[in-house]
Amino acid sequence: MDGAAFDDRTVELMAFGEPRTDRIDFLYVLPFARDRALVEATSFAPAPPPRAALQAQLDDAVTACTGGRPVECVRREAGFIPMRAGDARRAATTGEPRWLRAGVAGGAARPSTGYAFQRIQRQSDLLAAALRARGAAPPAPPALDGPVTRGMDALFLKVLRRWPEAGPHLFRQLFAHAPADRLERFLSGSTASQDRLAVVGALPPTPFLRALLST
Ligand SMILES: Cc1cc2nc3c(=O)[nH]c(=O)nc-3n(C[C@H](O)[C@H](O)[C@H](O)COP(=O)(O)OP(=O)(O)OC[C@H]3O[C@@H](n4cnc5c(N)ncnc54)[C@H](O)[C@@H]3O)c2cc1C
């Protein structure tokens, strides 16, 4: 676009929209320069939201950044990440012993965050090592998460699914009260008890206890 619209030293991550009962909406604004940025409209939802709803969020975000000045859209993309609790490695088997799915199709996305990029590198390394050791494809990709991580992710997703309207508040509590370094490590896959406890301690216990005690 013509002129400055973005602060190129600041990124906006998970800027939440109004609480809703059907999904949790948020935005990312990732500037590359003062006149160029990647703007993402994102939802945590049980099914992909209508394209028009995402487009409206995107249009509003761009207008808020630019004050309605004309912009050039250089590239546009859309996608979704499966955020399933449980052992996602099942998704990786194809029924054909010589073939396994890898990456997101192979269950590499972290169920609670959708983070996949670094996990895909790790899955690829583990798969290559297993292939070298066996001389044949392993029956399933190596597990990326242990049972505690899987249990915590499943509980978190259960709370978000039951009470999406509480989602923005829960995330804000997490970002406000968990020490940034511990939260960053936890989100990047740390299994250290102190990092896990920092996250648990930052969240209000009631919805998690209610979800834990309900079916
Ligand atoms: C909008 C969005 C933002 C994301 N942001 C992040 C992020 O910030 N951090 C992060 O860690 N992760 C993020 N992810 C998740 C993940 O890192 C990406 O989805 C990543 O691209 C997944 O890589 P992949 O190789 O598993 O799948 P893909 O990049 O989707 O590659 C799969 C390829 O296989 C091809 N293909 C599919 N079917 C067939 C077939 N039958 N025959 C041949 N080819 C086929 C497809 O065309 C595609 O090129 C994001 C995902 C999305 C959608």
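The values are calculated or read from the model by the stated rules, or taken from the named source; none is laboratory data. No experiment lies behind these values; they were computed from the predicted model shown. When we count neighbours, we look across all protein chains shown, and the Cβ atoms used for this are built from the backbone with ideal geometry, even at glycine.
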Completion exercise
Output for Cβ contacts, cut-off 9 Å, separation at least six or different chains, first residue within 20 Å of residue 19 (Cβ to Cβ) and among the charged types (D, E, K, R) in the stretch 39-52, second surrounded by fewer than 19 Cβ atoms within 10 Å (Cβ to Cβ) and at pLDDT 90 or above, reads 40/28; 40/30; 40/58
Practice task
Consider only pairs whose beta carbons are under 8 Å apart and that are at least six residues apart or on different chains; among these, list those whose first residue lies in the stretch 104-118 and is in the same structural domain as residue 189 (by TED's automatic domain parsing) and under 23 Å from residue 93 (Cβ atoms) and whose second residue is more than 8 Å from the ligand (Cβ to nearest atom) and among the β-branched types (Val, Ile, Thr).
Solution key: none
Handout entry: Which numbered condition residue 52 misses (of (1) in a helix (DSSP H, G or I); (2) surrounded by 14 or more Cβ atoms within 10 Å (Cβ to Cβ))
Key = (2)
Handout entry: Yes/no for residue 137 being touching a helix residue (DSSP H, G or I) at 6+ places or on another chain (Cβ under 9 Å), over 22 Å from residue 192 (Cβ atoms) and modelled with pLDDT under 90
Key = yes
Practice task
Among the residues of the stretch 162-191, write down those that are more than 15 Å from residue 19 (Cβ to Cβ) and among the acidic types (Asp, Glu).
Solution key: 181, 184
Practice task
Kindly indicate whether any position in the stretch 121-137 is closer than 21 Å to residue 24 by Cβ, without any contact (Cβ under 8 Å) to a residue 40 or more places away in the chain and within 13 Å of the ligand (Cβ to nearest atom).
Solution key: no
Handout entry: Residues of the stretch 176-193 that turn out to be without any contact (Cβ under 8 Å) to a residue 24 or more places away in the chain, assigned to a helix (DSSP H, G or I) and surrounded by 12 or more Cβ atoms within 10 Å (Cβ to Cβ), as a count
Key = 5
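Taking the options 82, 97, 50, name whichever one is away from the ligand (no atom under 15 Å from the Cβ) and within 30 Å of residue 143 (Cβ to Cβ).
97
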